[in-house]
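A quick write-up on the structure given underneath.
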Amino acid sequence: MGGRLLDWLSSSAYADRPDAADSLADTAPGSISFHFSTDTKILSVLDQSGPSWFEIDAAALAAIAFATMPDVDTTGVGDGDIFKWDAATSKLVVYSTASVVETIQDVIGGTLAGGAGITVTYNDGLATVTIDCNIVSIDDLSDVDIVSTPPSSGDALVWDGSNFIPGTPGTPQGLYLGTQVITTTGAGTYTPTPGTSSIIVECQGGGGGGGGSAATGASQAAFGGAGGGGGYCRKRYTSGFSGAAYSVGAKGTGGAAGNNNGTTASDTTFLGMTASGGSRGLGGAVVTPPSARSGGSGGGATGGDINIAGQGGGVSWSSSSGLTVKGPGGSSYFSRGAPAGIAVSAGSAALGYGGGGSGGGSSATSGPAEPGGDGSDGIILIHEYS
């Protein structure tokens, strides 16, 4: 066009069609120039390869219809319809706007990579996109595995480093969950609280019973030995503890009134740990003061990360002046044992867990036979962590 169209539109001094020499002066050979006259409403086309002129008047332009074009198909056209290009027929075809629903691939050229069971549709009339995730199971997702470990009620999907698998939700590692306190003596089986991944177990053996003392006459004395305290051990477990067998040690009983021994307490055990029970106090026969008697030995401890032996029973004695002292029961990790005493009386029972009982004591100036005191039972504490 080279500026010639602007010349014709802005000036009426030129004729309806420029002469060939004028056009050729500024138009390259082989090109086409368009010239429109505002006076005659004639569009002139100059083919410089000729050069030759072609004219198209307004009436000829008006006679050209959209529907008659060879690459347009108006079949089924209605009010409000638009046309879209159909690559299959290489034509513009009718595209109705009345709630046409198609896959979004038709709209954006098939670039969407939908997953299995996922349908994405576009509604022209409503101008909405609908995504329907028709997945048969959550296990169809490539990073979810609920087959190897089927889920239980209350489980959540937790990441195991490779997949999301069923597990306990929101439980950080090492969180304290609580303590199971086991005081019933005898055997049992441990059942962890759900979510427990490690435990710290404390075992306390029972305390030994004190010995009884014989009846005494003038210038005589008798005193039973005190029972020993039970041993203690502690250990952390990170596996293999569910269903573990255990046993809580029972106390040793005090000897009956007279020269009778107490009984040794039983052991407390858990998964390789043993907290032994305290030994008995021996019975007290009649002696001539001054005299003394040792108590029973404390229980040992093995298998724990920490092992503490129980304290032995205290010494009982009498003086030549007639004073009789009953030795205290041996202490344990959870008990200080039965207290010592100077009165002529039965032995005292231990308090707490694993303490030894004191022995009975009879006067150095004659007195009745006395029984020994009981030790106290053992205990197991299981501290649970997530």
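Please treat every number below as a calculation from the coordinates, not as lab data. Note that the coordinates shown come from a computational prediction; the quantities given were computed from them, not determined experimentally. With ideal geometry, Cβ positions are generated from the backbone for all residues, glycine too; neighbour counts draw on all protein chains shown.
Summing +1 for each Lys or Arg and -1 for each Asp or Glu among the other residues whose beta-carbon sits under 10 angstrom from that of residue 89 gives -2. Here the 3J(HN,Hα) profile of the stretch 295-304, calculated from phi with Karplus coefficients 6.51, -1.76 and 1.60 at θ = phi - 60°, is x, x, 6, x, x, x, 8, 9, x, x Hz, Gly and Pro shown as x. Distance between the pseudo-spin-label points of residue 67 and residue 137 (7 Å out from Cα toward the beta carbon): 5.9 nm.
Neighbours of residue 278 by Cβ distance under 12 Å: Lys/Arg scored +1, Asp/Glu scored -1, total -1. Could you work out the local net charge near residue 164, counting Lys and Arg as +1, Asp and Glu as -1, over the other residues with Cβ closer than 9 Å to its Cβ? Taking every other residue near residue 164 into account, the sum is -3. Taking amide H atoms as placed 1.01 Å from N in the peptide plane, the amide H of residue 244 lies under 5 Å from those of 190, each 5 or more residues away in sequence or on another chain. I need the Kirkwood Rh of the stretch 171-386: take the reciprocal of the average 1/r across all distinct C-alpha pairs and report it in angstrom. Kirkwood hydrodynamic radius for the stretch 171-386: 16.9 Å.
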